Structures are given as C-alpha cells and as structure tokens.
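Presented below is the structure to which this report refers.
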Amino acid sequence: MNSTTVSSKPQLLRRVFVWELPVRYYHWLNAGCILVLIATGLIIGDPPAIMTSKEAHSSYWFGTTRFIHFVAAYIFLFNFLFRIYWGFVGNKYASWKNFIPTNRQYFKDMWNILKSDIFMTKGYNVHTIGHNRLAGFIYFMTFIAFGIQCLTGFGLYSAMSDWWLPNLFSWVPYLLGGDFMVRTIHHWATWFFILFTVVHVYLVFYHDYVEGHGEISSMGGGWKFIEEEIFKRKKKIKNSNL
Amino acid sequence: MLTEISTQRKTYYEELQDKGYSRRDFLKFCTMIAAYMGLQSSGAAQVAEALKTKPRVPVIWLHFQECTCCSESFIRSSHPIVADIILDKLSLDYTETLMAAAGHQAEEAMQKTMKDHYGEYVLCVEGSVPAGADGVYCMIGGKSSMDILHEAAAGAKAVICWGSCASNGCVQAAKPNPTKATPIHKIIKGKPIIKVPGCPPIGEVMAGVLVHILTFDTLPALDGIGRPKAFYSKRVHDSCYRRPYYDAGMFVETFDDENAKRGYCLYKVGCKGPSTYNACGIIKWNNGTSYPIQSGHGCFGCSEESFWDNGPIYERMVNAGGFGIEQNADKVGMVALGVTAAGIAAHAVATNLRKHKVVDELIAEGKQSEHELKKD
Amino acid sequence: MARIVVDPITRIEGHLRIEAEINNGKIEEAYSSGTMVRLIEEILRGRDPRDAWAFVGRVCGVCTTVHSLASIRAVEDALKIVVPPNAELVRNLMFCAQNIHDHVVHFYHLHALDWVDVVSALKADPKKTSEIAQSISHWPKSSPGYFSDLQKRLTKFVESGQLGIFANGYWGHPAYKLPAEINLIGVAHYLEALEWQKEIVKVHTIFGGKKPHPNFLVGGMACSISLDDSSGINAERLAYVHQLLKQAKEFVEQVYIPDLLAIAPYYLDWGAIGGGLGNYLVYGDLSTSSYTDTQNYKFPAGAILNKDLSKIHEVDLRNDSEVQEFIPHSWYEYAGGDGVGLHPWKGETKLNYTGPKPPFDHLNVEEKYSFLKTPRWKGNAMEVGPLARVLVGYASGREDFKEVVDSTLSKLNVPATALFSTLGRTAARGLETILVSQWALEFYDQLIGNIKSGDTRMANMEKFKPETWPASAMGVGHTEAPRGALAHWIDIEDQKIKNYQLVVPSTWNASPRDLEGKPSAYESALKDTPIADINKPVEILRTIHSFDPCLACAVH
Ligand code: HEM
Ligand code: HEM
Ligand code: NFV
Ligand code: SF4
Ligand code: SF4
Ligand code: F3S
Ligand SMILES: [Mg+2]
C-alpha cells in the first residue's frame, strides 16, 4: 500500500473554510437544476404512452414538462454564469485556476490521483484541501458540457422565443446544419450528465470515507477538516490553491 | 439589386434609338415583323406597343442531378398558375423539361440569353452537381454540369437553388455520397444565392419566390443560411394543427391505432416537425389540400440539411453510426450507465480491500479518541 | 453518312443523349445514352428497409409514387406482411391518379410540340377553330371568343420577341402537318392541361400528404379512416377524391382523347415508323382483390415476342434466369466481369466511367456509352409501357381493351399492325388512360363499399418493429409505372438493407446494346426513321418522345 502520513494516533485537525456560501448555493441549485433537466429532458425525448380519453384542451402535461425544463434551463444558465464570475472573485478554492491545467505538474498530479484513487495502484497520495487536480479537471469538462448544453438548448429554444436572450443563440442550428443535429447533440450530452452525477456522488462519499476530511458536509457548511501536518506542508508551497 | 433587372433594362425601342434609328425606322420594322408573323395591318401597332414595353425577366433553369420533382412541383402552383408566370411574368428561356427546342437549338437558346442578358438573367438550378470523377456523373451536350454551372452563373444576377438537391445535395448526397453530389452554394461564390429547400419545395413557395422578385423588385429577405424568411422562418411544429395534442402529451403510438384515428400528435412515430423549417402547415400542399401530417404521416424533415442521414424516418432519435439500426443515444446511455454502476461497485469493493489499512487507521483513530474520552 | 447528336433531348425527364448515323435520309444506327447517375442503390445499403420507399421515391419526381409503391411491396413481400384491403384500394387509386396525370402531361407538355406548330396557331381562324372543337367534343371552352382571346394572348407573347420555352423550336418544319386551327386547339389545351393537371394530383395529397413525393407506409397507408373525426379520411375527404376522379375522367374523355384522335389522322404515316423490337413485357397490376392475386389484375401480366399476339408468355420475377441485367456497354463493372447477366437479387452497382472526358463531341459506342444497365428477359430485349400493356390486355382477350382498341382502329381506319409504331405507342397511352380513368371510379366504389361494411383498417403494424423480423429475408415488389413494368428487389439482413436493386421501365427501353450487340427499344425504334433535315431532327424527338423517357428513373 502507498505511503500515508496518517497513523492511528489521533490527528490534530485544522478547520478550513473551503466553500463560501455562494459556492454552496451555486452547487445545490446547480445539482437540483441538472436533476430536473435530466428528468424532464428524457421525458421530452421519449414521452411515456399515457392513454386518456380526455380532450386535448383539458390536459397539458407535456407542455408543463417542457415548461419546467425551460424554467430550470434559465436558472441553470444564470447559475452557471454566476459560477464563472465567482471563479474570478471567490476564494482560492473557487478560483478558475483549479480547473484549467496550466502546467505540467497539474497533469502529473492528475495521473497520480488516477493511480491512487481510481486504479488503487502505487502512487503518492496527493493531499488537497479544495478540489484535487483530477476532480478539478473533470469539473472543467463538466463546465464545458454545461456550455454545450446551454448552447444547444438555447439554440433550440431560440426558435420558440422572441426574447433577445434565447435569440442570441439562433446561430447554433445554422452552424450545426439544422435543429436535428442540435437536438441530437443535446440528447447525447444528457448522458454525460447522468454518468457524471452517478460517479461524482460516489466519489464524494468515497473521499469522505477514505480521507475523513468531512467532504460531504463541506458542501453544506463549507468546512473541511485537514491534518495540521498537511496544512503546514501546504503553507510552504507558495500560491498553492489546493 | 435584382430590382434593376426590370427598371434598368432598355426596351427594344430604346435600344434602337441608341443605335441611331429614327421612330420611322422603328415603325417600319414593326410593320415588317407583323407581316412576317402573318398579322393583319393593325398588328403593327401591337408590335410597336410590345416592343416599347419592358421585357420580361429572362430565366435560365438548369437541370443537374435531380428527379425533376421540383419542376413538377412548380407546375402545380395554383397562385399564380404557371401558365401566367411563363407567358406574362418572366421569360423561361431554358428549361430542359418544358422547352420546345432540343439539342443544338436548346444550347443556342441558352447561349443567346447568357449573351443578350448578361448580368440580368436569373439562374435557377434544380439538382446537385457531382464533383466526383471530373464531373462525368452528370453531362449535358457533352459538357460536365460543373462547367455548365460556372458558365451560366457568370452572367447571372442571382441564383435560385430549387429544392433540397440544389440547396443541400438531397438524396444523392446521402451517405456515402458516391458521386460527390454538391449543392450550388458550395460551388458558386460571389452571387446572391437563394435556397428554396424541400423535397420538393411547395409549388406556391417556388412561385412565391419568383413573384416576390418580380413584384417587389428585390430579393426576398433571407435567413442565416440563405432561405427566404417568408417561407422558412417557422418550424412545421409551430404551425401544426396537432400541436395541442403534443402539449397535452397525447401521441399516436403506432400507425392506424385509435390515437391515429383521433388525429393525435405524430411525435412518437418519428415526426421531425419540431426540427424542420418549412411552410407546410401554413400554406399546405397543392392549393391547401393537405400536408404530410394532416394525412397521418410524420414530417421527415425534407427541407433540412442532410435529412436523409438524420436517422430512421419512424424514430425520433438519431442512431449512433456503427451501432446498427437499434442503437440510439438512450440505449447506448443505458449500457454506459450499467457499466458505470458495475465499475462503482467493483471500486467500492476494491476500496475496502486495498485501502482497508487507511480506513482502518481512521477508524482506529476514531476509536482511540473515543477510548481516550472514556478514560477521562 | 452523317453522325448527328441530339443532347439534351428536351421535354423528357432527365439527361438523355441520342447519337444517330444518317444514311440516305434515314437513320441507319442509333445510340441511346443516359448521362447522369446518382447511385441510389448503393446509398440504400445498410439502411432501414421501412425507409426505402422514401429514398427510391426520389428516383423520380415525374412518376412519383411508383417507386415507393414497388418498394413497400418488396419489403412486405420479404417480411410476409398482409396489407388491409382499404390500403390496397387507396394504393390503386393513387396508381390511377398517377397514371392519368403522367399521360396527360406527357401528351400535352412533353409530346404535343412534336406535332403541333405553335407559331402556325397564330394564323388560325378562331371561328373555324371553334367549329372544329365543338365537332370533336362537348368540352365547354370552345367558343370563337375563347379561341380569339387566346390567340391574342399568344400573339402578344410572340410579339414580345421573348419566346421563352417556345424559342428555337422547329416551327415551320415541313414535318408539321396540322391545319392552323388544330394547332390552335393544341395550344389552348396545352394551357388548359397545365392548369388541370394540378387538380388530379390532389388524390395523392389527400392520401399521401403532398405531391410530388407523397408518403407511403410499409404495412398499409398512414392516412387512417376516421369517419367520426375531422382527422384522417372521412366523408369530406372521400367526396373530394370522388370529385377529382370524375373530373379527370371528363378531361380525358372530352379533351385528351378527342385531341389525340383529331391530330392522328394527319400523321398516319407514323403508324408505320418507329415500331422497333416487337417484344413486349408487362408485370401487371391493379387487382380488384389483393396485389398478390395476380389473376384479377386489370392490367394482365405477360410477355409477347415478335409481335405474336397469339401467345402470351408467363413472367416470373423470382426466377433468376428470366430478368437479368447486363453491362457490356454500361459504365459499371461486375465482380464476375462484363460477360455475365445478373438477376437483381444478385445485382451489383459499381461505377466505372470509361467514356470520353467532357467536353466531348461523340461517345465511343463500340465500348461503354451509357449509365443505364441493359436488362433482358430470357435474353430478349423487351419494350415496356402503355403499348405493351394494351397489347397484352388485347391479346389476353380482355373485353375492355378490345373495345377501346378496335373502336380507335376503325375510327382512324388503320390496320392493327399500325399499333407497332410511334403513333401506336402514343395512341396506346391515350387508350389506357381511358381505361384507367374508368377503373379509378370502380376502385373508389369498392373502397366506399368496404368502409360501409365496417372495415376501416388502413395499416397492419404487426410486423412493423424490426424485432419481429427474421434474420434474413428477400422480396420483390412490382407495379406498372406509367412508362412500363417496374420492379424492385430487396435483400434484408439483420434488419438492414443488404442489397437493393431497381429495374425500371426506362432502363428496359433506353438501355444500350447487349452482349450480342442487340439494341434495346429506343435504338431499335429509331432505325430506318426518315430524317428530312439533319439540322432539325424533329423525327427523332417524335419516336423518342413516344416512349415518354425518364432518365432519372432509368439510371437511378
Ligand atoms: C443539464 C442540462 C440539460 C439536460 C440534461 C437536458 C436534457 C434534455 C433532453 C434529454 C432533451 C430531449 C431531447 C430530445 O428531443 O431527444 C432536451 C430537450 C430540450 N432542452 Fe434540454 N437539457 C439541458 C439543458 C437545457 C438548457 C440549458 C436548455 C435551454 C433552453 C434546454 C432546452 C431544451 C430544449 C429547447 C429542448 C427541446 C424541447 C422541445 O422540443 O420541446 N435544455 N433537453
Ligand atoms: C446532481 C448532482 C450533483 C452535481 C451536478 C454536482 C456538481 C458539482 C460540481 C459542478 C462541483 C464543482 C463545484 C465547484 O467548485 O464549482 C461539485 C463539487 C462538489 N460536490 Fe457536487 N454535485 C452533485 C451532487 C453532490 C452531492 C449529492 C454531494 C454530497 C453529498 C456533493 C458534494 C460535492 C462536494 C463535496 C464537492 C467539492 C468536491 C471536490 O472539490 O472534490 N455533490 N459538485
Ligand atoms: N421509367 C420510369 Fe418512371 C415511370 N413511369 C418509373 O418507374 O418515370 Ni420517372
Ligand atoms: S430536391 Fe427532392 S424533389 Fe427536388 S429534384 Fe431533388 S430529389 Fe427531387
Ligand atoms: S405532429 Fe409533428 S409537427 Fe405536429 S405537433 Fe406533433 S410533433 Fe409537432
Ligand atoms: S417532410 Fe417535407 S413536405 Fe413538409 S411536413 Fe415535412 S417538410
Ligand atoms: Mg438498377
């Protein structure tokens, strides 16, 4: 097994304020929107057979489903835009630098996390306070997926709206050769969100279980609990935002 | 722009004046023409009148890789009817489908228009141009369609691309596009190009585009990819009379079922109306008689780019290339989800095996604290 | 000896080139070449068989419907799907509407200008024209005022100096024989037919949603019958169809046929020109019960060889030694070489252009010279089309055929042998249109009767889902397209199209020579045609147009 600095001797833990309130709000709003968008989206893609003898005017469930999708979509968009903004003004754990690989060390760290956390083979443990490099990079991919979903979603929506905001996206179908392709991408991308959610939730539990830093509750209260020893080591590395 | 065709072009009379002929010469010429055509003496006055009025806009209509259904659709226009268009509104100087002349005489007619009306004629193109094998997959009069298109486009005021063939390549451009069928806008640059997609476009839409040019002396306003906004700015879905059933979630599950007989929405049997821009639901077909959805079949998106490759007609989702007919995004997604779940389960088991030392230490540490608490 | 080229042949569908050797004022040899290819058979590979009708429908926008019909029948044959009677009847009605439309448009807009001199019509006396018109039919638009207004309009048009589609025609050519008055009637009905033709196609719009290219469905038709609902086929829709069919019959009987019979007497010499092969092939269609019930076809199937009307040969589309396609003069290659003929279930479509590089003056007819393959039936070159159908119907002793044929022969006072000619082909097209416009009303009544009896089924969806299909299946579907016998062969494997082959009427007629150098119908019919002026070969147009060429069909 790999080296670990932790011993069974009780550790002194330092409380670190990692996730500021806006990040936590953002996170849960985002998670909620995504769950709603996945659910309503899949229904839009393949509606269930509901046999009814009602007249069309007395039912609107499909329209309502779409309405919810669009409401969630707007919230999702603004929330996402807010998070981009916060990436520049928030604390170092929220900074955009966590997500975008800027040097070789970033990739090296990612590879080590893959080895130690995912494949559980040899490798050194990278102790992090905020996101680890791999998580950060995956969130970066996720943000790109957010972008794709917003572009394609609002690209489709632009045909249904007269408002200038959705119409900012009306070039998307032209670029992609028509609504059909836009919709296809939108639908395929949905599966990225589903897979991400499942893996992400698992990994949050995993980290909490294996590291004991209070990972799960950190998205509630904002606090993580880091070994004093690690904390001191981190302090020596200048400009570390880990 | 286009306007100038009819306002700037000189009449025959004006042309004669320019060349130094007098009014007397002109009238003599008219009498001669009238006699030549076997008309009574009053005919000369009519001839003079006609030659003093504006000429009709000359049109050259080329036929390449096509099925000619665009021409067929055009002659189905009911307002205006085609007889009126070709006798009174424009001068259809070349179209292989209807013209009397053949062979050299046909070629001559086209050359004459290209020369006499250089910069003034409207070029209509039906069909795509095969770019494969030096253009041998479509040859007319021993020339390749590629050469003919370039030659005819040179002096055209504007180019109208009839149908999906000329606008996006249509069926012959479907995978694997063995002849490299190419739409016109990818070949001709630097000319106003109007795309009128549809397989075929609605006859009244075709006539409407021409009539717009002739009546308002301008090209119709085009959208981002060159289609007249007048006919392509709305989705079939937005004007569909079955739309309330869509919103109500009442769908035809299979053809000729009870729901089909009640006219429910065709979304689940593959209707592509939600992603198709065309005027079918509004103008309808053949003088408003019906349109695909009204006759029980979904729209399959015949005016959209590469609609032939947009998945099976009777399904809404696009297939994943190489996965076979059955595989769509959801099926692939389900499999991926299953694999992920299995991976997570395996990882969880492995964690407890391989990381048990780390976890054990954490637990021991916790127990230690608990123990120490008790000690005090 | 002179080699003349007519390319483009206009007033047809598609890109056809004729090269002819003229000797002593007659055609000695003629070569027919199709010069545009799309390779739709290759594009179909790997696709959903249920979608094939839409792809092959786009083979042709002139005979739209016939390929779609052959296609769904081929798939239904492969998957053993039984179609409800209402769907069969609706398909028959669409067949009839297509046939009538295609023939009328062909006669007036594609063929008439070979016989009718538009410019001569300017000299007609409107009063005399009116008298002639009223003597040949009851058609209401035949007053002197009507014709003189038309003439004025025409005059104004000609005077404008912009002759549009009439520019550069062979006007004034000595081969034009009609009096000015009949020419004027011809022009009048050219315009009327142009307006009328957009009506009859509404039958397709009602059942198939649009025209050209109406929608079809494997298993039936998508237009449900809903007598108690505003959606689908109800009393209003049916009445609309009835009205259109009645109007069509009226137009055929009062305009098309009278014109045909008024023009023909001036061109009886064409009853001895352009006969060609003398072999005729018909697959048959239009059953009163079910498509699979070949005994009840209104158009009986069969083959006639060497003009011998006393023997009708049976035709079997599944027999691999009957219908075969050859490529000795076609720009393709077969894995087995150029010496073999392939039955369509084993058909191959691999392009290999070996002709001259454009621009060129002449094709090398000794080698490959066309994008059409060369189909043969038991090794014989066959003519397909209205003449073949009329002859097979006539030779089968069918009363309705006998009646129209005999009465026409006696009206024109010509022997039955005049049928084997350019004029015979053009006349046969008219005669079958009379029959089809009558049958259409019978099918309509049958449909009403069926619905009345309580059967409102329009589609059988039991085997629509690919999961219900066998791992592999082969099928063939046929019909009688306006231009002749049409069949599609499909090979389905793992729910996808493995091979799809069309053998099309114009492929039979317009194809290049075969292995033995035997010409197909066009080339054979042009032989010995007199050409008065090699610079204005209107005679070539007459015979070629009598077949109603469709080259998009022929090559596909
Ligand atoms: C995580 C984000 C999202 C997910 C998972 C998602 C998922 C889906 C899915 C699965 C569909 C059905 C596609 C189909 O027709 O097969 C859909 C449709 C759609 N989505 Fe989203 N979506 C998301 C975000 C958005 C956003 C931001 C918008 C912006 C407005 C949007 C707008 C639409 C529209 C317009 C449709 C088509 C609905 C219709 O035609 O009625 N979506 N979405
Ligand atoms: C639909 C469900 C969810 C989505 C889409 C989602 C998405 C995200 C995203 C985008 C981030 C990056 C945050 C940032 O810095 O902006 C993140 C981080 C985080 N999420 Fe979630 N989340 C979901 C559910 C959960 C759940 C259920 C938990 C815990 C109970 C959780 C706990 C966390 C934690 C602790 C982090 C920080 C982890 C780290 O930095 O490694 N998330 N999540
Ligand atoms: N040849 C041919 Fe067709 C017909 N009739 C098809 O099968 O024309 Ni376009
Ligand atoms: S666009 Fe469609 S309808 Fe028009 S010529 Fe092409 S295939 Fe025919
Ligand atoms: S039938 Fe098609 S176009 Fe009409 S509402 Fe349903 S999905 Fe939309
Ligand atoms: S298939 Fe085409 S005809 Fe209209 S309804 Fe759809 S765009
Ligand atoms: Mg073929």
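The values are calculated or read from the model by the stated rules, or taken from the named source; none is laboratory data. Computed from a prediction, not measured in an experiment: that's the story for all the values here. Backbone-built Cβ (ideal geometry, glycine too); neighbour counts: all protein chains shown.
Points to keep in mind about this one:
- A:Phe169 meets each of the listed conditions (1) buried (at least 18 other Cβ atoms within 10 Å of the Cβ); (2) in a helix (DSSP H, G or I); (3) more than 9 Å from chain B (Cβ to nearest Cβ); (4) among the aromatic types (Phe, Trp, Tyr) apart from (2).
- Filter result (out of contact with any helix residue (DSSP H, G or I) (no Cβ under 6 Å at 6 or more places or on another chain) and at the interface with chain C (Cβ under 9 Å from one of its Cβ atoms)) within segment B:121-131: B:Pro130
- Within the span defined as segment C:67-87, one or more residues are closer than 21 Å to C:Thr433 by Cα, more than 11 Å from chain B (Cβ to nearest Cβ) and touching a Leu at 6+ places or on another chain (Cβ under 6 Å).
Listed here are the residues, each with its yes/no results for (1) more than 8 Å from every other protein chain (Cβ to nearest Cβ); (2) within 16 Å of ligand 4 (Cβ to nearest atom); (3) in contact (Cβ under 8 Å) with a residue 24 or more places away in the chain.
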residue	(1), (2), (3)
B:Phe255	no, no, yes
B:Pro274	no, no, yes
B:Asn278	yes, yes, yes
B:Thr289	no, no, no
B:Ser295	no, no, no
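- Residue within segment C:489-503 that is touching a residue at least 24 places away in the same chain (Cβ under 8 Å) and touching a Cys at 6+ places or on another chain (Cβ under 9 Å) present: yes
- All positions within segment B:257-271 that are within 16 Å of ligand 1 (Cβ to nearest atom) and either of a type in the set (A, V, I, L, M, F, W, C) or within 12 Å of chain C (Cβ to nearest Cβ) (or both): B:Cys265, B:Leu266, B:Val269, B:Gly270, B:Cys271
Quick grid of which residues meet (1) surrounded by 14 or more Cβ atoms within 10 Å (Cβ to Cβ); (2) farther than 17 Å from C:Ala52 by Cβ:
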| position | (1), (2) |
| --- | --- |
| C:Ser437 | yes, yes |
| C:Gln446 | yes, yes |
| C:Lys452 | no, yes |
| C:Arg457 | yes, yes |
| C:Met461 | yes, yes |
| C:Ala473 | yes, no |
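- In segment C:477-512, the residue that is nearest to ligand 6 (Cβ to nearest atom) out of those that are surrounded by 24 or more Cβ atoms within 10 Å (Cβ to Cβ) and of a type in the set (S, T, N, Q) is C:Thr479.
- Only one entry in C:Thr354, C:Thr433, C:Thr417 is polar (S, T, N, Q) and surrounded by 22 or more Cβ atoms within 10 Å (Cβ to Cβ), namely C:Thr433.
- Subset of segment B:141-162 (residues that are crowded, with 23+ Cβ neighbours inside 10 Å and at the interface with another protein chain (Cβ under 9 Å from one of its Cβ atoms)): B:Ser144, B:Ser145
- Residue tally, condition free of Cβ contacts under 8 Å to residues at least 40 places away in the same chain and either more than 8 Å from chain B (Cβ to nearest Cβ) or within 14 Å of ligand 1 (Cβ to nearest atom) (or both), over segment A:8-30: 1
- Of residues in segment A:56-74 being touching a helix residue (DSSP H, G or I) at 6+ places or on another chain (Cβ under 7 Å) and under 12 Å from A:Gly153 (Cβ atoms), the one farthest from the other protein chains (Cβ to nearest Cβ): A:Ala72
- The residues of segment B:92-130 that are among the small types (Gly, Ala, Ser) and either surrounded by fewer than 19 Cβ atoms within 10 Å (Cβ to Cβ) or at pLDDT below 95 (or both) amount to a single one, B:Gly119.
- Contacts under 8 angstrom Cβ, first residue in segment A:67-84 being within 10 Å of ligand 1 (Cβ to nearest atom), partner hydroxyl-bearing (Ser, Thr, Tyr), 6 or more apart: A:His69/A:Thr40; A:Phe70/A:Tyr157; A:Ala72/A:Thr40; A:Ala73/A:Tyr157
- Contacts under 6 angstrom Cβ, first residue in segment C:325-344 being of a type in the set (Phe, Trp, Tyr), partner more than 16 Å from ligand 3 (Cβ to nearest atom) and modelled with pLDDT under 95, 6 or more apart: none
- Some residue of segment C:531-554 being of a type in the set (Lys, Arg), farther than 24 Å from C:Leu317 by Cα and buried (at least 18 other Cβ atoms within 10 Å of the Cβ): yes
- The set of residues from segment C:181-192 being among the aliphatic types (A, V, I, L, M) and at the interface with another protein chain (Cβ under 10 Å from one of its Cβ atoms) comprises just one member, C:Leu191.
- Among the residues making up segment B:215-238, those that are crowded, with 17+ Cβ neighbours inside 10 Å, away from ligand 1 (no atom under 14 Å from the Cβ) and in a helix (DSSP H, G or I) are B:Phe231, B:Tyr232.
- B:Tyr232 being farther than 24 Å from C:Leu227 by Cβ, in contact with a Cys (Cβ under 8 Å, 6 or more places away or on another chain) and among the hydroxyl-bearing types (Ser, Thr, Tyr): no
- Residues satisfying the stated conditions in segment B:73-96, i.e. in a loop (DSSP other than H, G, I, E, B) and at the interface with another protein chain (Cβ under 7 Å from one of its Cβ atoms): B:Ile75, B:Arg76, B:Glu96
- Scanning segment B:63-105 for residues that are among the polar types (S, T, N, Q) and either without any contact (Cβ under 8 Å) to a residue 12 or more places away in the chain or closer than 24 Å to B:Thr179 by Cα (or both) yields B:Gln65, B:Thr68, B:Ser71, B:Thr95, B:Thr97, B:Gln105.
- Every residue from segment C:49-91 that is more than 16 Å from ligand 3 (Cβ to nearest atom) and closer than 30 Å to B:Gly135 by Cα: C:Asp51
- Screening C:Arg58 with (1) more than 7 Å from chain B (Cβ to nearest Cβ); (2) within 16 Å of ligand 4 (Cβ to nearest atom) gives one miss only, at (1).
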